[in-house]
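Trainee: Mind looking over this structure? Questions follow.
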Amino acid sequence: MIVEMKDIEMIYETWSEKTKVLDIPQFDIDIGEQIAIFGPSGSGKSTLLHIMSGLLLPTQGSVKVCGEFVHKLSEAQRDHFRSRNIGYIFQTFNLLQGYTAMENVLMGMTFSPGKADRAAAKKLLEQVGLGGKMKRRPYHLSFGEQQRVSVARAIANKPKLILADEPTGSLDPHNSVEIIKLLKEICKEHGCSLVIVSHNMDMISFFEHTVDFKKLNRTLQVQEALK
Ligand code: ADP
Ligand code: MG
């Protein structure tokens, strides 16, 4: 297993109220698996990915990712865990604007045990179809191209698991399909597991393995029942 989550509960507490966002009895993902989780906006998908990557600790429950009990690690250990094991892809790309595509990918390698490797970065950018645009800065690339750079950056550290949070949320339908295909292909080639979360059901037909977040997360079932 690449992910084993058990009895997960996440409660957000603000000054005025407590909200239970996640109640997940069990969620396991096999090594090498590629899954897409679909659920409406505000249902806790980003929260789930933050917990998987150790950005956030659940209020309760056990989180084992890439062989480590993430919830038992200190914040510094979780940062280290994330840099060694996880590649993240965001809806808004999160590229560093002042740097070229090549530099963005090289920076993705900063935390890896090996040093920044220009030849490897070049190969990755070629693989995502940007061989001719490596010296461009993000604002001279289309949204689709920027997301290709972030795919190359995410895989550059040789992660065991890629977490993609609404990776097609800023893209048109054509580029959305291309990015999904690219992500699947690149993860397969690099032996990396893949978890995509999305609210956009249009993408569902491109995955063999999909998860209905309403079935996984029991807080949503309670909300449905109360309607
Ligand atoms: P999704 O990614 O499915 O849109 P999120 O995980 O971002 O959902 O958010 C789930 C719910 O938790 C939302 O109602 C959101 O407002 C709330 N939430 C998210 N982050 C926080 C936080 N840091 N503090 C309080 N509430 C939060
Ligand atoms: Mg979200």
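Trainee: Which residues, taken from segment 8-45, are in a strand (DSSP E or B), among the acidic types (Asp, Glu) and touching a Ser or Thr at 6+ places or on another chain (Cβ under 7 Å)? Talk me through it step by step, then tell me what you get.
Mentor: The initial filter retains those residues of segment 8-45 that are in a strand (DSSP E or B), namely 8-13, 18-29, 34-38.
Next, only the ones that are among the acidic types (Asp, Glu) stay: 9, 13, 23, 28.
9, 23 - these are the residues of segment 8-45 that are in a strand (DSSP E or B), among the acidic types (Asp, Glu) and touching a Ser or Thr at 6+ places or on another chain (Cβ under 7 Å).
Trainee: Report, ordered by the first and then the second residue, all pairs with beta carbons closer than 8 Å, sequence separation of six or more or different chains, a first member in segment 47-73 that is without any contact (Cβ under 8 Å) to a residue 12 or more places away in the chain, and a second member that is within 16 Å of ligand 1 (Cβ to nearest atom).
Mentor: These pairs meet every condition: 50/56; 69/63.
Trainee: For segment 52-87, how many residues meet the condition of being polar (S, T, N, Q) and in a loop (DSSP other than H, G, I, E, B)?
Mentor: Taking segment 52-87 and keeping what is polar (S, T, N, Q), we get 53, 59-60, 62, 74, 77, 83, 85.
So of that shortlist, the ones also in a loop (DSSP other than H, G, I, E, B) come out as 53, 59, 74.
Counting residues in segment 52-87 that are polar (S, T, N, Q) and in a loop (DSSP other than H, G, I, E, B) gives 3.
Trainee: Go through segment 135-171 residue by residue and tally those that are over 18 Å from the mean Cα position of the chain (by Cα) and open to solvent by less than 30 Å² (accessible area, probe 1.4 Å).
Mentor: 2
Trainee: Looking at (1) within 16 Å of ligand 2 (Cβ to nearest atom); (2) surrounded by fewer than 16 Cβ atoms within 10 Å (Cβ to Cβ), which one does residue 217 not meet, given that it meets all the others?
Mentor: Of the numbered conditions (1) within 16 Å of ligand 2 (Cβ to nearest atom); (2) surrounded by fewer than 16 Cβ atoms within 10 Å (Cβ to Cβ), the odd one out for residue 217 is (2).
Trainee: Residue 45 fails exactly one of the following numbered conditions: (1) under 11 Å from the mean Cα position of the chain (by Cα); (2) more than 13 Å from ligand 1 (Cβ to nearest atom); (3) of a type in the set (Lys, Arg). What is the number of that condition?
Mentor: Unmet for residue 45, out of (1) under 11 Å from the mean Cα position of the chain (by Cα); (2) more than 13 Å from ligand 1 (Cβ to nearest atom); (3) of a type in the set (Lys, Arg): (2).
Trainee: Do the conditions hold for residue 81, that is, is it at negative phi, crowded, with 16+ Cβ neighbours inside 10 Å and either at pLDDT below 95 or in contact with a strand residue (DSSP E or B) (Cβ under 8 Å, 6 or more places away or on another chain) (or both)? Spell out the reasoning first.
Mentor: Values: at negative phi: yes; crowded, with 16+ Cβ neighbours inside 10 Å: yes; either at pLDDT below 95 or in contact with a strand residue (DSSP E or B) (Cβ under 8 Å, 6 or more places away or on another chain) (or both): yes.
So residue 81 fits the description; yes.
The values are calculated or read from the model by the stated rules, or taken from the named source; none is laboratory data. From a predicted model like this one, the values you see are computed outputs, not experimental measurements. Cβ: placed from backbone, ideal geometry, glycine included. Neighbour counts: every protein chain shown. For the accessible areas, the whole protein counts, side chains as well, though only heavy atoms, and no ligand, DNA or RNA atoms are used. Shrake-Rupley method; radii C 1.70, N 1.55, O 1.52, S 1.80 Å.
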